[in-house]
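Below is one structure, written out as structure tokens; comments come after it.
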Amino acid sequence: MVNHYAPWKYTLLVLVVLLGLVYATPNLYGEDPAVQISHRVKLIDEAEREQIKSLLENENIEYRSIALETGKILIRFEDTEQQLKAATQIGDILRESDRRYGVALNLAPATPEWLTDLNALPMYLGLDLRGGVHFLMEVDMDAAIDKALQRSESEIRSFMRGEKIRYKTVQISGRTIKVRFAQLEGRDAARLTLENEYRDFVFIDSSDDRSWFVEMSYNEPALEEEKRSALQQNISTLKNRVNELGVAEPVIQRQGDDRVVVQLPGVQDTVRAKEILGATATLEFRLVHGSFTDWSAAQSSGKAPVGTRLYQRSDSSPVLLKRSVIVTGDQIVGAASGFDSRSGSPNVTITMNAKGADRMSKITRDNIGKPMGVLFIEDKFEFREVNGERIRIRKTESQVINVATIRDQLSKRFEITGLDSTREARDLALLLRAGALRAPMVIIEERTVGPSLGKDNIEKGFMSVIIGFIAVLIFMAIYYKVFGLVANIALTLNLVLLISVLSVLQATLTLPGIAGIVLTVGMAVDANVLIFERIREELRLGNSPQASIYSGYEKAFGTIADANITTLIAAIVLFGFGTGPIQGFAVTLSIGIVTSMFTAIFGTRAIINLIYGRKMVKQLAI
């Protein structure tokens, strides 16, 4: 009896090994300390690159390379000392001329171009290995309730119009919506209708000398539900925004009743990450009131006509918009930046949901020839010292980014123009596409995990892999002789394939992931031990060496498959129910199980067949 493989099996094995080596190789080159320079509004050009290059030379800062990459400058350095020196000096000088410049510390992959052309990239490293940023963000629950009241106010007004209920005004006073009526009978009848429709509110009657009121305020269950929904929607929106930033496997977790933890491992642009995560930008579409003369008069007097509000455009010119909102950013389901076909200026194409499209269609149908304004609203936070205490103050900034005459009935899809730059258009589209935050959020804690700590974790983590790996190699070589050396080759190949698969999938490796690799090293030899012990048992029963090899692999396969499949099921459950580090462990363990089965069964048998397959041997070195 002889043991040998068909040529196509050897060809497949060689091909897998070569591909594994190619796609694992980028991880050997490491990363360069780098500084990334960007601008909030414009794309940086070649002239600015030359300016910064001259600045580096004048300050005697040594650098490895300086390149312009998609409107940003990436400067690579030999060590972190030069990186930190350059970031400090460049940041100070650039911000003196324009505060909108952003300077961020990064680690840039040092992969050669010939590998990147093959799409061979290093695997991502987690926050604990590579470094990155950690944010603790707090949801402004008061603002969440205020926004909910504003939505309800608009809905109540529309509802009463639809029901033909006569009222004077609907206004928000604190945490209460006050509906004003001219007559007592009208108030009492309206209250019955409103109570039947709005069951989340507590109703109280009141009056003064001239009017009767129905005061509506949220009940406790409705308040708690609104807060829970605000937190949940904000987490969902943050995930969408982080995905748009291209961060691999971020950690976004709820902490308590009003806080969210965001970890961005190896983020390439920390400045922009903060801008995008914390931004609460949304749009409102409103009809414009009056003419430029009316706008200027309102600005001079400081008084806007009833039912309107005065805003400013980017050039500081005044605009009077009606208080009634046509549609808001909550009804936007898609947004893409581009260029206007007529003027060539940046624009954003917006897609509305069914409710928003229906309302936009009705309003624009009835107002053809009239101007409509697009209002950009953003909540910002700033800290001030008051009586020795540091307090947080929320400030809402509103700006009209576009005023255009309604030429035709609009519906689900339309464009807005008037944006200052392509960067502004891209960021606005990103925010709208990812979804508006239900309530403003403020970063109350920011922590950066430096490359030095990540490097220390990597060294200790990989030292554990190396020690375990070498210990297994020595044991296998001594105990199983030639067969043990073959198992060692398969074990080495298993590590190469595991790293290459992680790199191809662009999975994120964390410290728990390294623990998964260590466990995989132990489990990889499990299969070989089962096979080799089965071969020794067959030899003790008096079978020939060739028959023992054949029976050893055939009979051990069921046990190996059973052990690995049950472990794989456990890993899949860990991935499904775990978060963050637990998922990292599950991913490396799952991939390691598959690669170890391939190398232990297919790989070792191919090598054993090459050594013993076509020979008449009397004994095996096992």
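The values are calculated or read from the model by the stated rules, or taken from the named source; none is laboratory data. Just so it is clear, the structure is predicted and the values come from calculations on it, not from any experiment. All Cβ positions, even for glycine, are placed from backbone atoms using ideal geometry, and neighbour counts span all protein chains on display.
Considering only the range 596-606, state which residues are of a type in the set (Val, Ile, Thr) and surrounded by 22 or more Cβ atoms within 10 Å (Cβ to Cβ).
Thr599, Thr604
From Phe159, Phe181, grab the single residue that is in contact with an Asp or Glu (Cβ under 8 Å, 6 or more places away or on another chain) and within 22 Å of Ser324 (Cβ to Cβ).
One residue alone meets the criteria, Phe159.
Could you please find all residues in the range 128-167 being in contact with a Pro (Cβ under 8 Å, 6 or more places away or on another chain) and either surrounded by fewer than 18 Cβ atoms within 10 Å (Cβ to Cβ) or within 30 Å of Leu194 (Cα to Cα) (or both)?
Asp140, Ala143
Run down Leu419, Leu410, Leu431 and say which single residue is surrounded by 14 or more Cβ atoms within 10 Å (Cβ to Cβ), under 29 Å from Gly329 (Cβ atoms), at pLDDT 75 or above and of a type in the set (A, V, I, L, M, F, W, C).
From the options Leu419, Leu410, Leu431, the qualifying one is Leu410.
Under 6 Å between Cβ atoms, at least 6 apart or on separate chains: pull out the pairs that start in the range 54-68 with a residue that is under 15 Å from Ile93 (Cβ atoms) and end on any residue that is surrounded by 11 or more Cβ atoms within 10 Å (Cβ to Cβ) and among the small types (Gly, Ala, Ser).
Ile61/Ala86
Here are Phe483, Phe469, Phe475: which of them is crowded, with 22+ Cβ neighbours inside 10 Å, among the aromatic types (Phe, Trp, Tyr) and in a helix (DSSP H, G or I)?
Matching residue, one of Phe483, Phe469, Phe475: Phe483.
Name the pairs whose Cβ atoms lie under 6 Å apart, with the first residue in the range 497-509 and under 9 Å from Tyr23 (Cβ atoms) and touching a residue at least 60 places away in the same chain (Cβ under 8 Å), the second among the aromatic types (Phe, Trp, Tyr) and buried (at least 24 other Cβ atoms within 10 Å of the Cβ), and 6 or more positions between them or separate chains?
These pairs meet every condition: Ser500/Tyr23; Ser503/Tyr23; Val504/Tyr23.
Looking only at the range 30-43, filter to residues that are at pLDDT below 80 and touching a Lys or Arg at 6+ places or on another chain (Cβ under 9 Å); which one of those is nearest to Pro112 (Cα to Cα)?
Glu31
Checking Ile326 against (1) among the aliphatic types (A, V, I, L, M); (2) farther than 28 Å from Glu69 by Cβ; (3) at pLDDT below 80: exactly one of these is not met. Which one?
Going through (1) among the aliphatic types (A, V, I, L, M); (2) farther than 28 Å from Glu69 by Cβ; (3) at pLDDT below 80 one by one, Ile326 breaks only (3).
Can you list residue pairs whose Cβ atoms sit under 7 Å apart, with the first residue in the range 554-582 being modelled with pLDDT under 85 and in a loop (DSSP other than H, G, I, E, B) and the second being small (Gly, Ala, Ser) and surrounded by 13 or more Cβ atoms within 10 Å (Cβ to Cβ)? Count only pairs 6 or more apart in sequence or on different chains.
Gly578/Ala586
In this structure, does Gly613 turn out to be over 30 Å from Met123 (Cα atoms), in contact (Cβ under 8 Å) with a residue 24 or more places away in the chain and surrounded by fewer than 18 Cβ atoms within 10 Å (Cβ to Cβ)?
yes
When you scan the range 486-498, how many residues do you find that are of a type in the set (S, T, N, Q) and surrounded by fewer than 16 Cβ atoms within 10 Å (Cβ to Cβ)?
The number of residues fulfilling the criteria is 1.
Sort through Leu115, Leu129, Leu94, Leu55 and tell me the only one that's touching a helix residue (DSSP H, G or I) at 6+ places or on another chain (Cβ under 9 Å), within 21 Å of Pro33 (Cβ to Cβ), part of a helix (DSSP H, G or I) and modelled with pLDDT of 85 or more.
Going through Leu115, Leu129, Leu94, Leu55 in turn, the sole match is Leu115.
How about the range 173-195: which of its residues are within 20 Å of Leu149 (Cβ to Cβ), of a type outside the set (Val, Ile, Thr) and either touching a Leu at 6+ places or on another chain (Cβ under 9 Å) or not in a strand (DSSP E or B) (or both)?
Scanning the range 173-195 gives Gly174, Arg175, Ala190, Arg191, Leu194, Glu195.
Listed residues Asp340, Asp294, Asp358, Asp366; which is touching a residue at least 24 places away in the same chain (Cβ under 8 Å), of a type in the set (Asp, Glu) and over 15 Å from Glu415 (Cβ atoms)?
When all the criteria are applied, what remains is Asp294.
With Gly603, Gly584 as the choices, which residue is under 27 Å from Ile252 (Cβ atoms) and touching a helix residue (DSSP H, G or I) at 6+ places or on another chain (Cβ under 6 Å)?
Going through Gly603, Gly584 in turn, the sole match is Gly584.
Scan the range 196-223 residue by residue and report those that are over 21 Å from Ala439 (Cβ atoms) and in a strand (DSSP E or B).
Selection gives Val202, Phe203, Ile204, Asp205, Ser206, Ser207, Trp212, Phe213, Val214, Glu215.
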